[in-house]
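What follows is a short report on a single structure.
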Amino acid sequence: MSELDFTAEGTVFDIQRYSIHDGPGVRTIVFLKGCPLACRWCSNPESQSTEPDLFFRASACIGCGKCIPVCPVGALSRDNPGFVDRAKCIRCGDCTKVCPTEALKRAGRRMSVAEVMQELRKDAIHYRRSGGGVTLSGGEPLLQAAFAKQLLMACHEQGWNTAMETTGCAPREVIREVIPHVDHLLMDLKSIDPAVHQQNTGVDNRLILENALIAASLTHAVVRVPVVPGVNDSPAAITAIARFAKLMPGVDTVHLLPYHSFGENKYRLLGRTCPMGALPDLKPEAVMPLKTLVEAEGLRCVIGG
Ligand code: SF4
Ligand code: SF4
């Protein structure tokens, strides 16, 4: 058993309290920055880079100009289309410290396990009452394996339930080292077809599928599928995922998460273009036939979750 290290640091881009998704009961979700995948439908584009990002919300800018002289590389100018010259910006965050309206905001900061635990303690009473706890999400939490493991161990020391949402894209030894500290694993599977997976996430799925089998043998796991039109919303694609889920030890539940466009605005704030364009949200009713297919494979199926 390794020692708890409260000084271990990681990069966190958000801590969301009072979530009733992403695991049992009332939960706090700690979002860790950095992801080896670049899913076209990613709703947290600020999670993808391991480095901090800069959001600029034009509608909140009052044009005071306070930020312009503090930028060390001259990336801010009213003459720039979009105000921030993203090619120049080194994402130092200096401008965010002087902006009176939070039109400029940094996504991602270094935090120690002790600092995160201080935040989490605020909701400890809710974890106990609801059977909830703490969920690590991202990005890919396993990209910061040492920090994630310390955080999970610290939560267990408090008697809190732990969950993790993962892509499974991590070295085998990381899976074996970290997953035993997770009580409830939310294993994301996007496609069983290697070509479809590669084309839409930028990553081959072989390691992910192998890791999914191993991870499910180490803790309680459910499979989560973001259902994305034109990517994996066909009966064949969902049946293939359900059949794979049945191979995962102990897995009896699949969550189907209908595509939503919540991330679209975030791409704009980051000065990026949303890869899915203006694709409308997928209505839960549209996913019902796919739920029936999963159930026909003998699995429980939840839309959302
Ligand atoms: S984050 Fe730093 S480099 Fe980027 S615009 Fe702000 S002050 Fe300039
Ligand atoms: S400091 Fe904030 S409100 Fe003022 S010009 Fe810069 S971004 Fe706009």
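Over the range 30-132, calculate the relative contact order: mean separation of alpha carbon pairs under 8 Å at least 6 apart, over the residue count, as a percent.
Answer for the range 30-132 is 26 percent.
Binning every alpha carbon pair distance of the range 254-305 at 5 Å from zero, what are the percents per bin?
Pair shares across the bins are 5, 19, 22, 15, 14, 12, 8, 4, 1.
Tell me whether the range 165-303 comes out rounded, prolate or oblate; compute the Cα gyration tensor, take square roots of the eigenvalues as a ≥ b ≥ c, and use a/c under 1.5 as the rounded threshold.
oblate
Please state the relative contact order of the range 53-105 as a whole percent: Cα pairs under 8 Å, 6+ residues apart?
About 49 percent, as a whole number.
Just to check, using Stokes-Einstein with a Kirkwood Rh over alpha carbon pairs, what's the diffusion coefficient of the range 53-105 at 4 °C and 1.567 mPa s in µm²/s? All intermediate terms of the calculation are to be shown ahead of the outcome.
Numbers: Rh = 10.8 Å.
Value of D from the Cα-based Kirkwood radius: 120 µm²/s.
Modelling each spin label as a point 7 Å along the Cα-to-Cβ direction, I'd like the S130/N265 distance in nm, to one decimal.
2.3 nm
Over the alpha-carbon set of the range 1-134, divide Rg by the Kirkwood Rh and report the Rg/Rh ratio to two decimals.
For the range 1-134, the value is 1.05.
Roughly what angle does helix 284-296 make with the longest principal axis of the chain, taking Cα atoms, 0 to 90 degrees, to the nearest 10?
Once rounded, one gets 30 degrees.
With the chain treated as a Gaussian network of Cα nodes joined by springs under 10 Å, which of A145, A236, A38 yields the largest mean-square fluctuation?
A236
Take the residue pairs K66/K122; K66/K105; K149/K291; K246/K291; K88/K149; K149/K246 and return only those whose Cα atoms are more than 24 Å apart.
K66/K122; K149/K291; K88/K149; K149/K246
Between K66 and R17, how high is the FRET efficiency from 1/(1 + (r/R0)^6) when r is the Cβ-Cβ distance and R₀ = 30 Å? Nearest 0.05.
For R0 = 30 Å, the calculated efficiency reads 0.45.
Could you check the simple spin-label distance between R91 and E3, using points 7 Å along Cα→Cβ, in nm with one decimal?
Each label point lies 7 Å from its Cα, and together they span 3.3 nm.
Only loop residues by DSSP count here, and only those with at most 12 other Cβ atoms within 10 Å; note down the chymotrypsin sites (Phe, Trp or Tyr not before Pro) in the range 251-305 that meet that.
Filter output for the range 251-305: F262.
If you wrap a convex hull around the Cα atoms of the range 123-175, how much volume per residue is inside, in Å³?
It comes to 78 Å³ per residue, whole-number rounded.
Gap in Å between the Cα centre of the range 116-184 and the Cα centre of the range 198-267?
The two parts, judged by their Cα centres, are 20 Å apart.
Trypsin sites (Lys or Arg not before Pro), restricted to the range 204-269: which are DSSP loop and have at most 16 other Cβ atoms within 10 Å?
Loop-located and lightly packed - none at all.
I'd like to know how the chain sits against the 2.2 N^0.38 Å rule of thumb: what's its Cα Rg over that expected value?
1.04
Over the chain, calculate the relative contact order: mean separation of alpha carbon pairs under 8 Å at least 6 apart, over the residue count, as a percent. Don't jump to the answer; show the numbers that get you there.
Details: 620 pairs, mean separation 59.2, N = 305.
Taking the mean separation of contacting Cα pairs over the length of the chain, I get 19 percent.
Please give the solvent-accessible surface of C92 in Å², to the nearest 10, using a probe radius of 1.4 Å with every protein chain present.
Approximately 50 Å² for this residue.
The values are calculated or read from the model by the stated rules, or taken from the named source; none is laboratory data. In this text the structure is predicted, and so the values were computed from the model without any measurement. For neighbour counting, all protein chains shown are included, and Cβ atoms are generated from backbone atoms with ideal geometry for every residue, glycine included. Each accessible area value is taken on the protein alone, full model and side chains, heavy atoms only, with ligands, DNA and RNA left out. Shrake-Rupley method; radii C 1.70, N 1.55, O 1.52, S 1.80 Å.
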